[in-house]
Every structure is written in C-alpha cells, then in structure tokens.
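Below you'll find the structure, written out as structure tokens, and then a few comments.
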Amino acid sequence: MTTAVTTAMTTVIRVDRITKSFGGAAALTDVSVDFFPGEVHALMGMNGAGKSTLVQILSGALNPDSGTLEVGGLVQNQLNPRQARKVGISTVPQRRELVMSLTVAENIMLGQLPTSGAMVRWHSVRETAQEALRALGITIDADAIAGDLTVAEQTMVEVAREVRRGGKVLILDEPTACLGPEAAQQIRDLVLRLRDSGVAILFISHHISEVLHLADRITVLRDGRVTWAGLATETDEKGLVRDMVGRDVVSRRPVRPARSNEVGLSVRGLCDGRFLDCFDIDVRRGEIVAVLGPAGDAQSRLFDLLSGRRRFDGGQVSVAGKKLKNGKITDSLASGLRCVTGDRRRLGLIPGLTIDENVMLAQDRLDKRRIHRWSLLTRRAKPLRERYRVVSLAENPPVEQLSGGNQQKVLLAKWLGTAPSAVLLEDPTNGVDVSAMAEIHSLVDRLAGEGVAVLLASSSAEEVMRLADRVVVVRDGRRIAEYQVDRITRDELIATTLGGAL
Ligand SMILES: Nc1ncnc2c1ncn2[C@@H]1O[C@H](COP(=O)(O)OP(=O)(O)OP(=O)(O)O)[C@@H](O)[C@H]1O
C-alpha cells in the first residue's frame, strides 16, 4: 500500500448528486464524489456501472441531467471539453489519441507550437517537449515517431502532454488494460510520481489488486449508484467484489477432461519479419496453450497471420491436419479457425451496427447470408446475447453505445458462437469486469471441454494461470521456454516472461 501526500484536503472537484439518463434509462443516479489533489482516486464497477459516463461528465463531453459539478470551489454549469481543459481537467482515454505519423515532440506540443512570425521554432518544440517528459521521469526520445512507440509509451506521452497543458486533475481510463506486467508497472510508477507532485488522479481499472496497491481512495459504482466510497485501506478484495457485483465471485480452474492426442492447431517454422522467427507450436484438441512474451508483438502478429489478414514470410499453419493457404481469410475461416482480436474497436466490431447485427456477423458470413428479416435476426442473436450476458440500457442499440466490457462480450459471442474447431483468443477479457471475467473464463473452459484447440495470447499472468494448460514463452520472435502451468508459480511466470532467470 502506498501513502498519499495529501497536503490540503480541499476538493479539487466535487460531484454532487449527479444524475444522467440515456433515453429514459438511468446510467448515473444521485452520484456524489470528491476528488482531492495529491491522491489517486480509483473508480470501480462492473461493465455498464456508469464509470465512463461519469468521466465524460467530468471532461465536459456530456452534461448531467441534474446535480452539480464544482471545480476548484466554482460551480461549472454546462461544461464543455474546452472549458474542462481550461479549468485543469485532462483525460487520457482508453483509445490512444496521438497522431501516429508525428514525432513525440510534435504530439506533446500539438496546438501550442512556438512560432517566430510564420515559422515554427522546431528547436524549441523539441526542447520543451523533452523537458516535459524529463520532468515526469519519462525517458522517451522526443524525436521518436509516435507510431513506433509501445502502447505504454504512447500512454506516457499523452500523460506528459496533458500535464504540460496544466492538467490538475488527470483522468486515466484503464491505462494498464492489455499491458504486460513490466509496462503496467511503468504506468503505475508514473501515476505515483504525478500524485506526489500534487495532481489529482482519477484511475479506472478492473484489476482489483492493482487498485488496492495504487489507490488512496476508492469509489465503487453499481447500476449507476455509489455502493461504497472510502480509503483503500478500509476495504479489501472480497469487499470490493461484493460492492461491485452484489455477491461473491469465484473463478477456479476446473478439472478438465483428458485432452485428446489429436493436434487441433499446428504452427511450423512460422517467420514474419522481426516478430516471429521459425516459430513452432502445437495445440491439441481440448487444450489451452498460452503464448507469452514481453511486448506482445509476437502475439498480435500471430493474430494477423493465423486469421489470414497478413501473409507470412515462411512456415505452415494447419488446422485439424489441413494446411491453410498463406494470407487467405476465407481459408482460415473455412478450416474452423476463429481469431478473436484484442483490438475490438479497429478490427472486431462495426460500431454503427446494432448488437444483434454484430453478434450475427460472423455466422452470416459463414452462411453467406446477406439479407435477413429483423425479427429473425433478433431471434437468432438472442441465445448468444444471453449466453454471453450482453447488458445494455436500450433493447438493441448500436454497439458503440455499449460500455467497453459489453462490447467485448459481443465480440466473443460473434466468433465463439460459430462452432469453431480451433480458436486464437487475444486478451479475451480486455476491459471486462470481475464477474464477466469469471463467466468468460468458464466459457473458454467449456470450449476446451468440447474439444476445441485454444491458443491464448493474454497480457495477464493471472489469466494465463487460470486458463492455460501449457505456456510457451516467446522472445525476439523465438520460442525460448515452455511450462506446464501446474509446475510453475505466477511469480516465476512473470520473471521468465520479463527475461529473468527461473
Ligand atoms: N451514448 C449513449 N447512449 C445510450 N446509452 C449509453 C450511452 N453511453 C453509455 N450508455 C449506457 O450507459 C450505461 C453506463 O455505461 P458506461 O460506459 O458509463 O459504463 P462503464 O462503467 O464505463 O462500463 P465499462 O467498464 O464496460 O467500460 C451502459 O448501460 C451504457 O450502455
């Protein structure tokens, strides 16, 4: 447990009895929260509990239906994003908002480039940006191109930009989602440095142990209402789960039926640039094998190659003994291989289509069905929505209106509802709450129990320990170690992934 340096207990933001509805359904009801400078305040809750809605109100993207918002002692009516920034409220959303083709310095100084007459003073741009990074203890080169950075580094650049613009309250929406242990730790270290410099941090995370270690204060939302608020030292994991879910949640490794000796998915000598170098892996039917590596590069490249989105330089992929054609999505799908992307926003879902349309997209494609009656679509989607517990305020809205965790459930329903024979799952519980996580883990257990070969690429060591039978560690594109999960501890797993000796 870390200690806060709260010097003055004057609130920097006071949220008083805020209510917000969408189409008559309440997303927030009578929510009151105080934020203090020099404190990490975690906001927790199940998917759809109202966290992002509150963040959007604080950042001026939405206005509440009733209640007041006070910033630095002044009531703010009808806050818009520009005013929010002006009064010192900055948000680093889940989706990175950097211009990927520009340098780090250009991104940090965007909109505030120093000029002499009509000329930009590039030297000053670079110096000022480098200083902004240095002041936060961030060792990233200001000349680097944003798109070449890791996700954690991109998050740090956004934080540096917001702090430089005078952010007194920094809202970080799941900044460690999908990051491996080392990168997540870098972000947490940065959060603590900011806190110690007096910034008020609003931190959203579904990782309970992370919140308990990092936060000074916690507010829990359930169905849009505050169910618990207090100091982190006054609660524990069990208490938080009860406050979020309303009951205990248990997720245990089941005893799975003996695995078949038949290989469901076989990868031989796969090569792709610097990401994969003669990579081999076999997954038997009914087995769950996790691929772990320090940066996640190999894992997401595997997704591109196995799904047929990208051609590999060399090697062979087979599903149930049938060789796949290189770079052919249709062949990959026809083989029964399903690749569930970790990037649901860009590759997984069509934001403007409804839940039912997204849920049925993959099955319709496999059935070559182009036209459907609405009533039939709803009837076909219903069992999948129920099985994956997709929750929304409206009946069948566009998926872009769903909370992040519910979007993830739609993505899983879309692919896993199509009778797969082998599956690649990339961060399957990305952004989902503790209860949905337990449900998704049970669904993956069930898939394996039905004889599906499951290849898992997860950034969470806990998830790997919970789901996988075997772990393959990749470094520099090569397989460097392999373990049976029951012969290794979580800490040993993290050490070996990060390059430490066992
Ligand atoms: N623009 C919108 N239109 C309609 N409903 C919305 C809109 N934005 C949010 N909602 C609904 O409001 C509820 C609260 O959503 P919110 O995104 O705040 O949840 P959350 O706690 O951030 O969830 P998650 O952990 O999944 O991100 C959800 O039921 C969501 O579907």
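Where a number appears in this text, it was derived from the coordinates with a stated rule and is not lab data. Keep in mind it's a predicted model, so treat the numbers as computed, not measured. Note that each Cβ is placed from the backbone with ideal geometry, even for glycine, and that neighbours are counted across all protein chains shown.
Kindly identify segment 330-379 as rounded, prolate or oblate by the Cα gyration tensor criterion: order the square roots of the eigenvalues as a ≥ b ≥ c, call it rounded if a/c is under 1.5, otherwise compare a/b with b/c, prolate if a/b is larger, else oblate.
Because a/c hits 1.5 or more and a/b fails to exceed b/c, segment 330-379 counts as oblate.
Return the long-range amide H neighbours of Val249 (sequence gap of 5 or more, or a different chain), with a cut-off of under 5 Å between placed amide H atoms.
none
Evaluate the charge dipole of segment 303-442 about its Cα centre and quote only its size in Debye, nearest 20, assuming +1 on the Cβ of each Lys and Arg and -1 on the Cβ of each Asp and Glu.
640
So how far apart, in nm, are the two label points at Asp65 and Arg365 if each is 7 Å from Cα heading toward Cβ?
For the pair Asp65/Arg365, the computed spacing is 3.8 nm.
Measuring from centroid to centroid over Cα atoms, what is the spacing of segment 236-278 and segment 135-214 in Å?
When both Cα centres are located, 27 Å separates them.
Taking only Cα atoms of segment 13-245, what ratio of Rg to Rh do you get with Rh as the Kirkwood inverse-distance radius?
Here Rg/Rh amounts to 0.99.
Residue by residue through segment 46-52, what is 3J(HN,Hα) from phi via Karplus (6.51 cos²θ - 1.76 cosθ + 1.60, θ = phi - 60°)? Round to whole Hz and write x for glycine and proline.
5, 4, x, 6, x, 4, 5
Would you please state the base-10 log of I(q)/I(0) at q = 0.14, 0.19 1/Å for segment 108-260, with intensities from the Debye formula using one equal scatterer on every alpha carbon?
The Cα Debye sum returns log10 ratios of -0.81, -1.18.
Could you go through segment 76-84 in sequence order and give the Karplus-derived ³J(HN,Hα) for each residue, using 6.51 cos²θ - 1.76 cosθ + 1.60 with θ = phi - 60°, rounded to whole Hz, and x for Gly and Pro?
10, 8, 6, 5, 10, x, 5, 5, 4
Compute the FRET efficiency between Arg225 and Gln401 as 1/(1 + (r/R0)^6), taking r as their Cβ-Cβ distance and R0 = 25 Å, and round to the nearest 0.05.
With R0 = 25 Å, the Cβ-Cβ based efficiency is 0.75.
Taking the Cα-to-Cβ direction at Ser197 and at Gln112 and moving 7 Å from each Cα, how far apart do the two end points lie in nm?
1.2
Does anyone have the angle between helix 122-135 and the longest principal axis of the chain? Alpha-carbon axes, 0 to 90°, nearest 10?
Helix 122-135 sits at roughly 90 degrees to that axis.
Please identify the GluC sites (Glu not before Pro) of segment 445-491 that satisfy two criteria: DSSP loop assignment and at most 16 other Cβ atoms within 10 Å. Which are they?
Hits after loop and neighbour filter: Glu450.
State which entries of Lys238/Lys414; Lys328/Lys409; Lys20/Lys86; Lys325/Lys409; Lys328/Lys382; Lys323/Lys382 exceed 28 angstrom in Cα-Cα distance in the structure shown.
In this structure, Lys238/Lys414; Lys325/Lys409; Lys328/Lys382; Lys323/Lys382 exceed 28 Å between Cα atoms.
Quick one: which residues, 5 or more positions from Ala457 or on another chain, have an amide H under 5 Å from its amide H? H modelled 1.01 Å from N in the peptide plane, none for Pro or chain starts.
Distant-sequence amide H within range of Ala457: Val291, Leu425, Glu426, Asp427.
Can you compute the charge dipole magnitude of the chain about its Cα centre, using +1 on each Lys and Arg Cβ and -1 on each Asp and Glu Cβ, nothing else charged? Give it in debye, rounded to the nearest 20.
Rounded to the nearest 20 debye, it is 1660 debye.
Using the Karplus curve 6.51 cos²θ - 1.76 cosθ + 1.60 with θ = phi - 60°, work out ³J(HN,Hα) for each residue of segment 346-356 in order, rounded to whole Hz, and write x for Gly and Pro.
Couplings: 8, 10, x, 10, 9, x, x, 7, 6, 4, 4 Hz.
Restricting things to alpha carbons, tell me how big the chain is in terms of Rg and Dmax, in Å.
23.4, 74
How high is the FRET efficiency between Leu353 and Asp313 when r is their beta carbon distance and R₀ equals 45 Å, given to the nearest 0.05?
E between Leu353 and Asp313, to the nearest 0.05, is 0.80.
Can you give the calculated 222 nm mean residue ellipticity of the chain, where each DSSP H run of n ≥ 4 adds -39,500 (n - 2.57) and the sum is split over every residue, rounded to the nearest 500 deg cm²/dmol?
-10000 deg cm²/dmol
Between Lys322 and Ala419, take the C-beta separation as r, use R0 = 22 Å, and let me know the FRET efficiency to the nearest 0.05.
Taking R0 as 22 Å, the efficiency between Lys322 and Ala419 is 0.85.
Under the rule of at least 5 residues apart or a separate chain, name every residue whose amide H is placed under 5 Å from the amide H of Phe279.
Gly269, Leu270, Cys271
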